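To start, the structure under review is shown below, and the notes come after it.
The values are calculated or read from the model by the stated rules, or taken from the named source; none is laboratory data. Every value quoted in this text rests on a predicted model; they were computed, and no experiment measured them. Here the Cβ positions follow ideal geometry from the backbone for every residue, glycine too, while neighbour counts run over all protein chains shown. Quick note on the areas: whole protein, heavy atoms, side chains included, nothing else; ligands and nucleic acids left out. Shrake-Rupley method; radii C 1.70, N 1.55, O 1.52, S 1.80 Å.
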Amino acid sequence: MICFKSGVPYIYSKLRWMLLCCFLFFAHAENLKRSDFPDEFLFGVATSAYQIEGAYLEDGKSLNNWDAFSLSPGNIQNGDDGFVADDHYHRYLKDIEIIQSLGVDAYRFSISWARILPRGRFGEVNPDGIMFYNKILDELELRGIKPFVTIYHHDFPQELQDRYGSWLSPLMQEDYVHYAETCFKNFGDRVKHWVTINEPNLFTQMAYQNGKYPPARCSQPFGDCPAGNSDIEPLIVVHNMLLAHGKAVSLYRMDYQHEQGGSMGIVVDCQMYEPLTDNDLDQEAAKRGLAFFIGWALDPLTYGDYPSEMRQYLGNQLPQFSNAEREFLRNSIDFIGINHYSTSYAKDCIYSSCSETANRAIKGFVDTTSDRDGVQIGEPTGIRSLPVVPRGIGEVVEYLKKRYDNKPMFITENGYSEPQDEEQVQDAIQDFKRIEFHKTYMSSLAQAIRDGANVKGYFVWTLMDDFEWIIGKMIYSKVVNGEVNGWPTALLQCTNG
């Protein structure tokens, strides 16, 4: 982990990761063993390009949507940006050495669209960008670490927004396929696991419904943006993303898969929902909420169309797929990537009073909360909306197992950010709560696997403290002059055991 200081090289706390690694790979984890997971199960760490790379205009990279967004005051907490971030662009070799020191099997990272295609289809491939990712892939191969590569993780060249409105336009589908093929051509000989798009459901909600991510479009009552339609635009954006995914997968399967032997998946934000009460209305609301959030992305890629629940409540507002589109979308994922952090309660809004933002068709007439009768669903973390609820990871895996015929799954993100209270600094140094978080979540996951879930791997978010989008730079550990202020007894027990 690292401590940030904008513009100054960052410092790793190797001690914290040694401790977490000690837990993750079961040297002395009480009640949790490596044998609780299949022999071929992969353990890894994850990052994304914009959140760690920095070098935002170096070696031919163009301005991307997050660069432009960060330049406007007030968009990011504390005026932070990703211009330097973790300086991974210059320090990638040291970062990979740390990954190797953890003993992990795999590393999930993303490609910066603006680094390899600074102008999208409207310009040339940037050889310096290609060389950077080739060096990363070569180093991982040399060290026996399997790459999981995300093609699109929230960032794209700003020119595509300026030219035609990016994901609101079908033109973005063609730009995406061109970009994906550039990745297949240059990196596919070493990549066996591709993720087309990271969290289309969450990104769209944040960017086009709440107006918090670029391009910051929304309408009342969701927010006060200069432009946008929170009830309609998210549906258009996800529709274009799914078609882009389907076209890229069709291309890969037709022209590259036979020779390269890779698999294609998508990563979906998989918040679990539980009914607020035991009544039938809230039970149905929880199911409806999952269909509107998770099924929105995964049903078309499995069955060729949106969930029936969405058709019922959205009607003609929900875009239609042509017969040809249904055909290439159906079964267009080889695996499901699950980003899971927490669980919320779901409340029916059809027959009950709810907030103005929840009582809408775009939300499935479902309200969500972490509070039931004044009691929180789980212990708070550094991100208020993500309390600790270990059972949820098992529940969401079971839901996906049943809804999608137990298609192969990877937990592509799961992690903990401790509250930033000064009183909790010592806990942060010792890392007890993070260890307990992973222990309890992985125990729940192990039980789901014993119950038959086809889960193939688990990636910790994140390798290092990073630029966490609108939250800005996240600081998790107390690092002083390159040394951690405190030596956890648990680490000594682990390394001496």
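In region 134-176, what count of residues is obtained for those that are open to solvent by 40 Å² or more (accessible area, probe 1.4 Å) and not in a helix (DSSP H, G or I)?
4
Does residue 226 meet the test of being assigned to a loop (DSSP other than H, G, I, E, B) and either at pLDDT 95 or above or open to solvent by 40 Å² or more (accessible area, probe 1.4 Å) (or both)?
Criteria met by residue 226.
Being of a type in the set (Lys, Arg) and either surrounded by fewer than 23 Cβ atoms within 10 Å (Cβ to Cβ) or touching a helix residue (DSSP H, G or I) at 6+ places or on another chain (Cβ under 6 Å) (or both) is the filter here, so list the residues in region 437-474 that pass it. Full working, then the answer.
We begin by selecting, within region 437-474, every residue of a type in the set (Lys, Arg); these are 439, 450, 456, 473.
The answer is 439, 450, 456.
In the set 115, 91, which member is among the basic types (Lys, Arg), open to solvent by less than 20 Å² (accessible area, probe 1.4 Å) and in a helix (DSSP H, G or I)?
Checking each option against the conditions leaves just 115.
Tell me yes or no: at least one residue of region 68-83 is crowded, with 23+ Cβ neighbours inside 10 Å, modelled with pLDDT under 95 and part of a loop (DSSP other than H, G, I, E, B).
Yes, the conditions are met somewhere in region 68-83.
Residue by residue, here is whether (1) more than 24 Å from residue 305 (Cβ to Cβ); (2) without any contact (Cβ under 8 Å) to a residue 40 or more places away in the chain; (3) over 18 Å from the mean Cα position of the chain (by Cα) holds:
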position	(1), (2), (3)
212	yes, no, no
216	yes, no, yes
220	yes, yes, yes
223	yes, yes, yes
243	no, no, yes
257	yes, yes, yes
260	yes, no, yes
264	no, no, no
267	no, no, no
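Of all residues in region 351-378, which are more than 27 Å from residue 235 (Cβ to Cβ) and touching a residue at least 12 places away in the same chain (Cβ under 8 Å)?
Passing the criteria: 371, 372, 377, 378.
Take residues that are among the polar types (S, T, N, Q) and at pLDDT below 95 and tell me which of the helices (runs of 4 or more DSSP H) falling wholly in region 386-456 contain 2 or more.
Per the criteria, 425-430.
Under the condition of being in contact with a helix residue (DSSP H, G or I) (Cβ under 8 Å, 6 or more places away or on another chain) and without any contact (Cβ under 8 Å) to a residue 60 or more places away in the chain, which residue from region 382-400 is most open to solvent (accessible area, probe 1.4 Å)?
The extreme case among them is 391.
Taking the residues in region 360-381 that are assigned to a strand (DSSP E or B), within 17 Å of residue 392 (Cβ to Cβ) and touching a strand residue (DSSP E or B) at 6+ places or on another chain (Cβ under 9 Å) as candidates, determine which candidate is least open to solvent (accessible area, probe 1.4 Å).
366
Take residues that are more than 16 Å from residue 242 (Cβ to Cβ) and tell me which of the helices (runs of 4 or more DSSP H) falling wholly in region 283-345 contain 1 or more. Before you say what the answer is, go through the steps one by one.
Values: elements: 296-303, 308-314, 323-329.
Here the list reads 308-314.
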